[in-house]
Structures are given as structure tokens and as C-alpha cells.
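> One structure, as C-alpha cells, below. Some questions next.
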Number of protein chains: 2
Amino acid sequence: MTRLVRSARPPARRSKPAEARVRGNTVGAVNERSDRVTTDGPVRVGLLGCGNVGGALVELLAERASAVTADAGLDLELAGIAVRSTTRDRGLSVDPDLLTTDAAALVDDPSVDVVVELIGGIEPARTLVLQALKQGKPVVTGNKELLANHGGELYAAAEAAGVDLLFESSAAGAIPIIRPLRESLLGEDIRSIMGIVNGTTNYILTRMTEEGVDYGEVLAEAQRLGYAERDPTADVEGYDAGAKAAIMASIAFGANVVAGDVYHEGIADITADDIEFARRFDYTIKLLAIAERHDPDGGADPDGAGPEIGVRVYPAMVPDSHPLASVRGSFNAVFVDGGAAGELMFYGRGAGGMPTASAVLGDLIDAATNLRRGTFRPVPSGPRARIRPIDDLETAYYVGLTVGDHPGVLSKVAGVFGRHDVSILAMQQEMSDSSTGGPAGVGGGTGETAKVAFITHVACERNIQATVSELRHLDEVTDIHSLLRVIG
Amino acid sequence: MTRLVRSARPPARRSKPAEARVRGNTVGAVNERSDRVTTDGPVRVGLLGCGNVGGALVELLAERASAVTADAGLDLELAGIAVRSTTRDRGLSVDPDLLTTDAAALVDDPSVDVVVELIGGIEPARTLVLQALKQGKPVVTGNKELLANHGGELYAAAEAAGVDLLFESSAAGAIPIIRPLRESLLGEDIRSIMGIVNGTTNYILTRMTEEGVDYGEVLAEAQRLGYAERDPTADVEGYDAGAKAAIMASIAFGANVVAGDVYHEGIADITADDIEFARRFDYTIKLLAIAERHDPDGGADPDGAGPEIGVRVYPAMVPDSHPLASVRGSFNAVFVDGGAAGELMFYGRGAGGMPTASAVLGDLIDAATNLRRGTFRPVPSGPRARIRPIDDLETAYYVGLTVGDHPGVLSKVAGVFGRHDVSILAMQQEMSDSSTGGPAGVGGGTGETAKVAFITHVACERNIQATVSELRHLDEVTDIHSLLRVIG
């Protein structure tokens, strides 16, 4: 039974006149009102983890304290900060007495009202979050790994306890996407979500696109500058984006999707040739996290099986006219295809200490406000999703290959596509290297090799895989270097 | 005193297991749960107005009813629809018994729980909304004119009654912008909001930009196609965008801004030359609604006057690399510069019956849920804003003028800029008309006229106005055809 009202803590009354809510440096205006503050004492926050985001949150809490009181009638007070080492200098001006290495004790502290988990990773974060929820303490977390793997358990624990579990910062940093999905679009029949949700890979692809440099070169520079991790696997192989896709899919479709459900391809094999071919076809290559709902055919659902969810991360060709194509550098964006609302896009900073801390603070204000009012908002997730196999994907494709320049080669290659029911929309041949003096014609019989790229009409993944597999055995095909999906 | 809990209606308990919330065609999955539905009877909705948006809402309510029950545990039921004529055929399959011409009686009907106002205009909408609020009935409205003129009164009435007044669809149609401002960004120190919030003018400017056609021609075609009203004043003169700017400014800055506070310029004087000059400077011309907070100098505020709000609508040159530049056609977007969150943008359909109805439905679910829980969310507006005079604006400018082609003309023109403390960043001269055989050099002494365009560094509005005024009196200047602001 869902508890909508926490019985332990009666809803507080708050007196905050509408006239006292000017934001910013409004001390004067606000102080004129003697009846402004309000709350029944501070809301005490237990912060778990004080890294990049945690440290920024501590700063932001100090900086915005009076505005939060004026705007939301809340006095947020740091009760303690659980860290691994209490002696490390964090460059923060916090009372050293707030620091503790005993996170569990901080969660248990009866004076702590709300817990903010910014440790990251699965354990001990999972245990601590469950412990807080069981004690009826709302939790704010930005932990995408935890939510993408144990979301179902945590959402159920929050609902059972009748408290908020808020995680706006877990999917796209500062960009409000979870709250719109949970609230604004609750009446909306969402069909798909498509996002650029990893800043490192978008930075790399943007530089490759705008400067024509190779993947390895940009990655090395990004690592030198600290934009990419020394081990970039989680970013470049799409694991980070995959976790975010799982979280967004769970909320958008009300069916629990976990990280392991997400089909992954990374960007390590994207070449300058692919980027150039994309440009000539009027596309931009982006690493996309996609979640789609597939209703049973014809809308009928006699078995009651419900929709299938397709969820995947891969580099794709995005038409230059699509709003996602112009999301540059480390910016993120999430594109939502609502049924009635039509196309929506949410754009902003997907990472960084301060932007992420801003989303955490938004959640914290919400959680504290709901706690005071004795309400909470259940997470609109649901039973385990039925995941659509990647082989059933239907989309357009880009195939880049190197062929021997023999007469009839194009006809042979096209024949393979046709045999597998894949029709070709467009073909381009690599621009000539000007130093070799003129284009190398394909099929002109010069005996050399040439790079060619095809864009197909919408086809089925299993058919395109069969096509590629057969092309590999063709004598005329030297190499198949790219297979990318194309967004329509 | 703010009432956070409605005493007349105790919070309902709702039993909705987490497992029953798969969206879409999930009838089978959902029906397996006998404990799914939940509510204490339906939430009855009184709909005022059944035009484009109201009609779409009726359709959407019918279409999404079972999903709303599954997702939000709510049974939304139309109690009645107030219309001007009960006999007009609306192409809707509604029970004719629901229609009434007596809107006030519908609001008063004790069986009506929530009122949705989609009449538009100020009266009778204002009276009806106040009447509903006074009876403790939450109100959802999309009425930008009403909110931009009487928002303060309505927000106060909602707060006094302790019920929700929700208006997501009033500022940017289907785009969730009001809720992120009210909730997600509540901890955020918002500095400015800049939006393309009028689809008609963006459609016109997009076609002018992409096809090189003149304003009058596109407007006439837009009118023929029904994209522009027969009297296009509200759109093309920026009144519609101005009302939306006032609403967003009030929420973002917590200070009440009304339509009359907004400085307006329309797009009727934008020429193909301006568009072409913009293109050559790597800018795109967009009609922007801008709201900015100006804190007292140096952060000190000895008089307690609080920030000034600058709020204005005008066509401006937006750098091609800015996310707003690629918002095409009838799409809208709102760009928010948060302090900690950094740059955010919200993009989508700003108008249209179904997209707007989708935002109304999101609000309706929220209002009904809060009503059931006995809570509401006060509007974060505040006292009347101090409005910054347009003369104090500081920005870069584009000045387009026609000059006589005499020796020394550029030096004279540049001298006028300099005398008023305006420095020039860039200058371009009109491309030659190829039929006249070659460029007409400015200052080459051919005795003809030439169009030139300047981009200035950041300058003060009063100085640029003084510059333009002096330039008008210069013999060498035939015409000053454009003065546009430039976004940095």
C-alpha cells in the first residue's frame, strides 16, 4: 500500500508571503518582511561523498542559503559530510567537525532529515541509500551506476517508505530531464528518447568533425586536458551513456530497464573518412543513447505482454537539420518524441561539478519541501521491461567499405544489398586525394582500390548484418570499415 | 499566512503498486492487478472554452484516460464544458449534455474539483479563475494575456486559497519551461532567459533566411496557409512574445513583471538586406523575448532596492553557433543562463492545439494529484519588479544604412559612432548586384549610393540612439534602415 503521507512528521505550516520571494541580492527587500522566515527549524542534510560534485554542492549551499530561504522557505543545514579521509584538503571552507568517515552513522543520525548520496558506484552507496529510505529519510542521488543497476529495488524502497528518491543529476547533469519526464510529461504518450548524454565523446566527435582530426589524436589531447579519463572505456564505449539511457527509459516508459539491457557500441572506430562522408551526405556523427517504445503490432495486445522497449547506445549519423546535430563540444541534449507534445529537446551541461550540483540542489529543495509537507512523489517506474532484441531494429544504415576498382564492382555490391532486402538510398565515393591527380573512378578498371559509402533506406538490423557478412566474402571488397545507423 | 494543507479535503490514500505503471497499451499487464485503481472516485474537471486547445484536450483526455489512471492513479472525468454556443459542431464526440453556456455555474458546480480555463483574453477569464480559486478549486490555465496582466492578483488568490494555479502552456506551448523554472531551478541563481517564443514570426524569419524572400511575401503566404492571423499584429509586433516574457520573468526572478513592462519591437521592418548582412557576419536574425536580472552594482544594495529586471522583445542577430540560431520554422526554444547550472535550452512546439493540450494535461494531472494529497505549490512570484529602462540596455548593435558614395564618407560615419562612445567591431558593404558589373566602392567617389552595415562592440542604448540620431542628419547618409541588437 502506497503511503502518501508520512505519519511520523505532520505537515508543517509555512508562512511565506508572496511578496518576499525576489531572488538574488534581495536582502533589503526581503528583510522588510518580518514574517518571512518560516520553517520549523532547519532541514538537516547528510552528505555522503565530497568529490567534484559534493564539493560544489557544499559551496553552492553556502552561496545560495539565503536565496533558498527566501525562495522556498527552507533553511538547509549541512549536518555532516561522510568522506574517505577527513584530513585531505578539499579547498573548501567547511567546519572540520562536519567531516566523518562513518557514512552509516551519518545516515542513522536522528538529526539528519535528508540524505544526499554522491559517493558513486554501487557499494556502499546502495546499502546507505536503502538504509536512509528505510528510516523514512528522503534521498537525493546522482549515482547513475547505482540507479541503472538497482533502480527497481531503490524505487520500491522509496515507495514503501513513502519518501522521495530524487535523481535529476543522474541522467544529464544540470539538464532538467528527469523531472519533466516524471511530471510535465506524465500525461504524454512518449514514443522515444534520443540523447547526447556523454560530454567526453561529444567533445571528441565535435573536434573530429570541425577540425578533421583523427579519433586517437583528439582522445589523447582530451586526456591531457583532463576532459577524458585515463581509462576512457566507460565514456568511449558507451557504458556511461548506456546507464543514463536505462534510467531515462525506466522513467519515460514506466518499465524497469537496467544497464545490462542496453545494446552498446562505442566511438573508437569512427574515422575521419566516416566524418567526411557524413558531411557530404549532410549528416553529423553523434554518440546517441536511444530508448524507444514498441507497442504490439496494430495496438492489440492479446497476451497482455505490453510494449517492448528498445534501448541502445551507438554512434549514429544525425541529419544536419536535426536539433541534436548542432549540440557541440561537451554539451548534452535529450530529444523526446512525445505523442501529443511533439518533439521536445532539453539542452545544457551534462557534467561538471557546479552544473551537476545545481541539479542536486534543485532535488534537495524539492525533497525537503515535500518532507515538510508530508508528501512525496513515487518514481513512475514499473515491472522489468521486455527488451526488444537489437536484431529487430529497423533503421537506415551507413556502410563504408573499400572496394577493388574493377569493372562491375558496384553492381556486385549493390546485388548483395538487394538480395538481403536492403535498398540503397545514396552512394558516395571518397574524394580524390589531390596529390594523386584526379578521382579514382570505381568500376573504371584502374585496378586500384576506392572507399565508397552507402546510405540505405530503412532496413532490418538482421538483414544489414547478413548483407555485411556476405560483403566480407566478396573478392571485390577489401574492407568494411564502418556500419553506422542513420537517424531519419 | 500560507496554507499548505487544504483542510476541507483530507489527503487521500492511494493504492498503486509500482508494478502497475507501464505506459501505453498495457491494458493486459495492468488489468492483472486487481488493486490497481485506487482513487476515491474521479477528479471532476470543469473545462472553460473549447476552441483549438480545449478541443484537443477533450480528445487527449479520452485517448489517455486509461494511461493516466495507470500512471498517476487518477480518474479524470469531464464534468462540463463551457462554450459560447452549444450547437456549433466541433467535430468532437462529447456528450452534448456536458456543454453549457453558463461558465460561472460550471465553476460553482460543487461536483467540479478542478477548473481548466482555456477561454483566453482577460474577461470573463479573470473573474472565472478568481471565482474557482476562492472556492478552493485548483486552476489550470494557458491564458498568457491574463497572466501577463493580472498574474500577481491570481498568484496571490491561489496562495490565499491554498490551491494550485498551474500554467505551463502559457509561455511556450508544449515546452516544459514553467515547471523547470518553478521547481528544478529553484536553487538556481538565474541571470537571464532568452527565448524564441512566437512560432509565426520564427516561421517568417526562417523562410526569409533560407529562401531570401521578403517579409511581406512570406507573411502573405503564412496568412493564406493559416500560420499567421489575418491581423498579425500580436505576433509580428511582439505582443504575444512580450506577454510570455513577462510570465517567464515573473517566475524566474520572483518579481512580478506585467505585459506593459516589456519593451517591444516587431519584425515588420526586417529586410532581405538585413538577413543577408547577418548571414555574412555569421548571424541569424531571430525575434527574441529577453528577461535579465541586473543586480545592484558591486552586489551591494544599501537601499534594499533589489535587482532591476530588463525585459524586452525585439528582432536580434544571434550568432550562428548559438543554440537558438538553429531553431527553425514554427519551433520555439527558451535559453536560460543559470548561475551554477550554466546554459540550458528547452526546445519544442510552442503552439498548436495538441502540443498545447499536452502541457495542459500535464498540469491537470499535477493539480489533481496535489489536490488528492492535500498540498499545492505556491507560484514563486513576488512584488512588482523594478524595470530597467531600455535606455540603460548594454549590448552590441547592428546598424544598416545607405550612404552616398563620396570620398571620406566612411570616416565621417565612423566619426559619429566614436563621438558617442560606440566602437565599431566590423563593417560590411552590400554585395554588388552582378547585373551592374562589379562592386560599388564606398568612398571611391562614384557618386552613387551603397548599403553598408556595422556591428558595434557593446555600447549603451542611449549612446547608439544618439549616434543614429546624429547620423540621420549627416548629408552623406541617405537612409538608416536598420538598428538591431546583437547577441554576444
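The values are calculated or read from the model by the stated rules, or taken from the named source; none is laboratory data. Since the model is a prediction, treat every value here as computed from it, not as a measurement. All Cβ positions, even for glycine, are placed from backbone atoms using ideal geometry, and neighbour counts span all protein chains on display. Accessible surface is based on the protein model in full, side chains and every heavy atom, while ligands, DNA and RNA are left aside. Shrake-Rupley method; radii C 1.70, N 1.55, O 1.52, S 1.80 Å.
> Find the residue count for the range A:353-381, including only residues that are outside any helix (DSSP H, G or I) and either on the phi < 0 side of the Ramachandran plot or of a type in the set (A, V, I, L, M, F, W, C) (or both).
Number satisfying all stated conditions: 7.
> Answer yes if at least one residue in the range A:183-192 is in contact with a Leu (Cβ under 9 Å, 6 or more places away or on another chain), within 14 Å of chain B (Cβ to nearest Cβ) and farther than 30 Å from B:D71 by Cβ, and no otherwise.
No, because not a single residue in the range A:183-192 is in contact with a Leu (Cβ under 9 Å, 6 or more places away or on another chain), within 14 Å of chain B (Cβ to nearest Cβ) and farther than 30 Å from B:D71 by Cβ.
> Looking at B:V379, is it more than 8 Å from chain A (Cβ to nearest Cβ) and among the aliphatic types (A, V, I, L, M)?
So B:V379 fails the test.
> Could you tell me which of the residues B:S111, B:S85, B:S66 is of a type in the set (S, T, N, Q) and at pLDDT 95 or above?
B:S111
> Which condition breaks for B:L166 when tested against (1) modelled with pLDDT under 95; (2) in contact with a Leu (Cβ under 9 Å, 6 or more places away or on another chain); (3) over 24 Å from A:T69 (Cβ atoms)?
(1)
> Out of curiosity, is A:I309 within 14 Å of chain B (Cβ to nearest Cβ) and touching a Lys or Arg at 6+ places or on another chain (Cβ under 8 Å)?
Against the criterion (within 14 Å of chain B (Cβ to nearest Cβ) and touching a Lys or Arg at 6+ places or on another chain (Cβ under 8 Å)), A:I309 qualifies.
> What's the total number of residues in the range B:65-86 that are in contact with a strand residue (DSSP E or B) (Cβ under 8 Å, 6 or more places away or on another chain) and either part of a helix (DSSP H, G or I) or over 23 Å from B:N52 (Cβ atoms) (or both)?
4
> Considering each of B:I275, B:I285 in turn, give the residue that is β-branched (V, I, T) and touching a Pro at 6+ places or on another chain (Cβ under 9 Å).
Selected residue: B:I285, the only one of B:I275, B:I285 that is β-branched (V, I, T) and touching a Pro at 6+ places or on another chain (Cβ under 9 Å).
> Going through B:M354, B:M345 one at a time, which residue ends up being within 7 Å of chain A (Cβ to nearest Cβ), touching a helix residue (DSSP H, G or I) at 6+ places or on another chain (Cβ under 6 Å) and open to solvent by 10 Å² or more (accessible area, probe 1.4 Å)?
B:M354
> Still on this structure, I have one more. Of a type outside the set (K, R) and over 27 Å from A:I390 (Cα atoms): which single residue out of A:G216, A:G254, A:G266, A:G238 fits that description?
A:G216 is the lone residue from the list that is of a type outside the set (K, R) and over 27 Å from A:I390 (Cα atoms).
> Shifting gears a bit: Restricted to the range A:215-237, and to residues that are surrounded by 15 or more Cβ atoms within 10 Å (Cβ to Cβ) and touching a Ser or Thr at 6+ places or on another chain (Cβ under 8 Å), which residue is modelled with the lowest pLDDT?
A:Y227
> Okay, moving on. Can you name the residue in the range B:119-161 that is over 21 Å from B:L78 (Cα atoms) and in contact with a Gly (Cβ under 7 Å, 6 or more places away or on another chain) and is also surrounded by the most Cβ atoms within 10 Å (Cβ to Cβ) among such residues?
The selected residue is B:A161.
> Checking B:G199 against (1) out of contact with any Gly (no Cβ under 7 Å at 6 or more places or on another chain); (2) small (G, A, S); (3) in contact (Cβ under 8 Å) with a residue 60 or more places away in the chain, only one condition comes out false. Which one?
It fails just one condition, (1).
> Among the residues of the range A:328-338, write down those that are surrounded by fewer than 20 Cβ atoms within 10 Å (Cβ to Cβ) and more than 8 Å from chain B (Cβ to nearest Cβ).
Across the range A:328-338, the qualifying residues are A:G329, A:D337.
> Just for the range A:251-263: of the residues that are at pLDDT below 95 and of a type outside the set (A, V, I, L, M, F, W, C), which one is most open to solvent (accessible area, probe 1.4 Å)?
Only one residue fits best here, namely A:N256.
> If we only count helices (runs of 4 or more DSSP H) wholly inside the range A:214-284, which ones have 3 or more residues that are within 14 Å of chain B (Cβ to nearest Cβ) and either farther than 30 Å from A:A450 by Cα or without any contact (Cβ under 8 Å) to a residue 60 or more places away in the chain (or both)?
A:239-253
> Let me ask something else. Kindly state which helices (runs of 4 or more DSSP H) lie completely within the range B:90-187 and contain at least 1 residues that are in contact (Cβ under 8 Å) with a residue 40 or more places away in the chain and within 23 Å of the chain's Cα centre (by Cα).
B:125-134, B:144-161, B:169-172
> Could you list all residues from the range B:143-180 that are within 14 Å of chain A (Cβ to nearest Cβ) and touching an Asp or Glu at 6+ places or on another chain (Cβ under 8 Å)?
Listed by number, the residues that qualify are B:A158, B:D164, B:L166, B:F167, B:E168, B:S169, B:P176, B:I177, B:I178, B:R179.
So that you can scan it fast, the table gives a plain yes or no per residue for (1) crowded, with 19+ Cβ neighbours inside 10 Å; (2) aromatic (F, W, Y); (3) modelled with pLDDT under 90:
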| residue | (1), (2), (3) |
| --- | --- |
| B:P378 | yes, no, yes |
| B:D392 | no, no, no |
| B:G408 | no, no, yes |
| B:S432 | no, no, yes |
| B:S435 | no, no, yes |
| B:G445 | no, no, yes |
| B:K451 | yes, no, no |
| B:T456 | yes, no, no |
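> Would you check which residues across the range B:56-81 are more than 14 Å from every other protein chain (Cβ to nearest Cβ), in contact with a helix residue (DSSP H, G or I) (Cβ under 7 Å, 6 or more places away or on another chain) and open to solvent by 10 Å² or more (accessible area, probe 1.4 Å) and list them?
B:L78
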